[in-house]
Structure formats: C-alpha cells, structure tokens
1. Has segment 149-156 got at least one residue that is touching a His at 6+ places or on another chain (Cβ under 9 Å) and surrounded by fewer than 22 Cβ atoms within 10 Å (Cβ to Cβ)?
2. Look through Gly117, Gly46, Gly111 and report the one residue that is more than 17 Å from the chain's Cα centre (by Cα) and on the phi > 0 side of the Ramachandran plot.
3. Do we find a residue being under 25 Å from Pro305 (Cα atoms) and either in contact with a Cys (Cβ under 6 Å, 6 or more places away or on another chain) or at pLDDT 95 or above (or both) anywhere in segment 95-107?
4. Would you mind telling me which numbered condition in (1) in contact with a Ser or Thr (Cβ under 8 Å, 6 or more places away or on another chain); (2) within 21 Å of Ile188 (Cβ to Cβ); (3) not small (Gly, Ala, Ser) Met220 fails?
5. Grab the helices (runs of 4 or more DSSP H) fully contained in segment 149-262, keeping just those with 2 or more residues being in contact with an Asp or Glu (Cβ under 9 Å, 6 or more places away or on another chain) and under 20 Å from Pro138 (Cα atoms).
6. Only one of (1) surrounded by fewer than 21 Cβ atoms within 10 Å (Cβ to Cβ); (2) closer than 27 Å to Glu312 by Cβ is not met by Glu233, so which one is it?
7. Is there a residue in segment 123-142 that is surrounded by fewer than 21 Cβ atoms within 10 Å (Cβ to Cβ), among the β-branched types (Val, Ile, Thr) and not in a loop (DSSP other than H, G, I, E, B)?
8. Yes or no: Val274 at pLDDT 95 or above and more than 30 Å from Tyr186 (Cα to Cα)?
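The values are calculated or read from the model by the stated rules, or taken from the named source; none is laboratory data. Predicted model, so just to flag it, every value in this text is computed and none were measured. For neighbour counting, all protein chains shown are included, and Cβ atoms are generated from backbone atoms with ideal geometry for every residue, glycine included.
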Amino acid sequence: MRKLTACLSLLICCAQLLAQSDSTYAERLGFPKGARVVILHVDDAGMSYDSNEGVFNAISNGVAKSTSVMMPCPWVPGFVHWLKEHPNADAGLHLTLTSEWKDYRWSALSGKPKVPGLIDTEGAMWHSVEEVVKHASPDEVETEIRAQIDRSKVMGFQPTHMDSHMGTLFAFPAFTEKYIKLGIEYHIPIMFPGGHSTLIAQQMKSLAVDLQQARAVGKMLWSAGLPVIDDIENNSYTWTLPPGVEATDENLRKYKTQFYMNALKSVQPGITYVIMHCTATTEVFSKISDSGATRRGDLLAMTNPELKAFLEKEGIIVTTFRELSERRAKLK
C-alpha cells in the first residue's frame, strides 16, 4: 500500500510538472511569459439585494473585476439594470441548479413540466448538489441551462462567460459534458481549468488521470475558439476568523485581506480564476444565510487599498473574461 501511495504521489507530481513545462494559456493569449494573471471573480450576483450591492462595490471601488449572475433568483432585474449602465462590465452566468437556503428559495426557469427532476417538494430547486445528481437527468440540466441563457438574452445582455453555482455541473460527468457542449455551441467561455490546474488539483485532491482529462477539455475549448483558464482558487468560502476574534469590519478586513494575499502568493504562472462572494450584508442577509461574515470579509478585502498595493507589488495582472475573449479573437 505504501508503494502504491508513493507511486500515485509521484504520478501527480510528474503530471503537474509536465503541465507547468508547457506554455500556459496566459502566454498563448499574449501575456508575458511567466506572468501570473488572475480573474478576481464575484459569484452570486442577482441572488439578493445585499449580493448585488456587494458586486457593485467590489467592481466599482475594488480590485475585483468579474462577476456572474444567478438567473433564476429574485434580484436579477436589479443587477441587469446596473449592468446596462456599465455595459463593459465582465458579467457571466452563474448557472444555477440548486436552491440551497431554508426560507429564501427559487425555482427552475424552465418550469416543472419540462424539468421535473430539478424540482423538490416545495416547488423549488433541490437544496443540495447530491439531490440534483440523484433526481435530475442530463437532458433536464441542458434544458435549464438553455433557459438561463435565453433569459439573459431576453433581458438584453450577452454573458461574457459561464460558471457553475455550487459546482453542480462538475458533480456528474454527464452534467459536465452538457456544460462544455453548450459553452461551445453558444460560443460562451466557461470556467474550466484546462491548464496546469495546480491549485484546484490540491484543493480537490485530484489524481493524475483527472488532470489529464481536464487538459484534454482545455485543448477542445481552445480549438473551438474559446479562451481557456489554467487554474482555479476556491478556498475563500470556507474561510473563518480565528477562534475568539469578533466579526467586526476591522477584523474581517484585516484577516480576509491576509487570506487573499497568502492565496495569491500561491498562484502559479497562467490564468487563475479566484472565486469569492462579496456581499454588502444587512440585517436581512442573516435571514437568508449564516455565511454573512465570510462574504462581507470578501467585500472588505477587495476594497482594501492594501490588497491593491499587494497586487501591484507582486506584479500580478488582473484580467476579465471579456479581455480574454478579445485576445482569443485576435488569434483566429
């Protein structure tokens, strides 16, 4: 068993070293060789009033420059109205197949007759990823993704990219296939680590075979004319303050900024998608979720001048999917 474990560890290390020896997608898109390029991405736009205010502040007054909207949620119109006043904003679709909160919920845009497997006993989407995998078919997932893309078009904006709320589209291979297929069909870039995948492999404990499959998908997306990212950083949501430290704005700003500085130091050359949930929490948000502290910490960190100075000192380039698509188009 020890020999097998050692061999697996060696395979993972070798695969990652080989991946890093190749040119990154950042280089292919014209960024300097060895450049560390990040998309500082705010999830959950449209989910609530507080979520929208957090997105607006993080993008207008902070270093985050990208977001994605949950099309089935109640505050989507408020986000889209802001977007029309900021037409160059980097705004994608946070493809949503779950409705995770207890008292604040939403349903599928497609409607129960078309996607019964996505609907629970309250008439909303299932609470958990596991329930979606158990009950929904890949065809129902495709139907709902199309409905969410269609709503964005009806409302008058073209998504700059797509990603997956709660990672549901990565929980079952047939769901992932639909996600990739529709990204190519609609020619919308998708969040998918098609490069060296260093951080996400560590965070998800991926084996070498998973890394190889991801790189194959990256090549397929690139061949379809889409930009591809190299890696994902996805540790921010589970962050908590040290024991005994009160959740004041001062403490949230200090400790969450330090978290991002440490995370960004670990970013490898290439394009890394950094996930966060900046939220301008009010007393109402606690009625939705108990995640207010980490979400508020994200907003306070992104608007902290110290983080901006850190990015400049480290020479880390902040980009958007809009810029990546423009660079990819020039290579055709």
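1. First, pick out the residues of segment 149-156 that are touching a His at 6+ places or on another chain (Cβ under 9 Å): none.
Checked segment 149-156: no residue is touching a His at 6+ places or on another chain (Cβ under 9 Å) and surrounded by fewer than 22 Cβ atoms within 10 Å (Cβ to Cβ).
2. Values: Gly117 fails: on the phi > 0 side of the Ramachandran plot; Gly46 fails: more than 17 Å from the chain's Cα centre (by Cα).
Selected residue: Gly111, the only one of Gly117, Gly46, Gly111 that is more than 17 Å from the chain's Cα centre (by Cα) and on the phi > 0 side of the Ramachandran plot.
3. no
4. So the condition that Met220 fails would be (1).
5. Working: elements: 173-186, 198-204, 208-223.
Filter on segment 149-262 gives 173-186.
6. (1)
7. If we filter segment 123-142 for residues that are surrounded by fewer than 21 Cβ atoms within 10 Å (Cβ to Cβ), which is where we start, we get 123-124, 127-128, 130-131, 133-135, 137-139, 142.
Filter once more, keeping what is among the β-branched types (Val, Ile, Thr): 133.
Checking the rest, the ones that are also not in a loop (DSSP other than H, G, I, E, B) come to 133.
So far as segment 123-142 goes, yes, one or more of its residues are surrounded by fewer than 21 Cβ atoms within 10 Å (Cβ to Cβ), among the β-branched types (Val, Ile, Thr) and not in a loop (DSSP other than H, G, I, E, B).
8. Details: at pLDDT 95 or above: yes; more than 30 Å from Tyr186 (Cα to Cα): no.
Answer is no for this residue.
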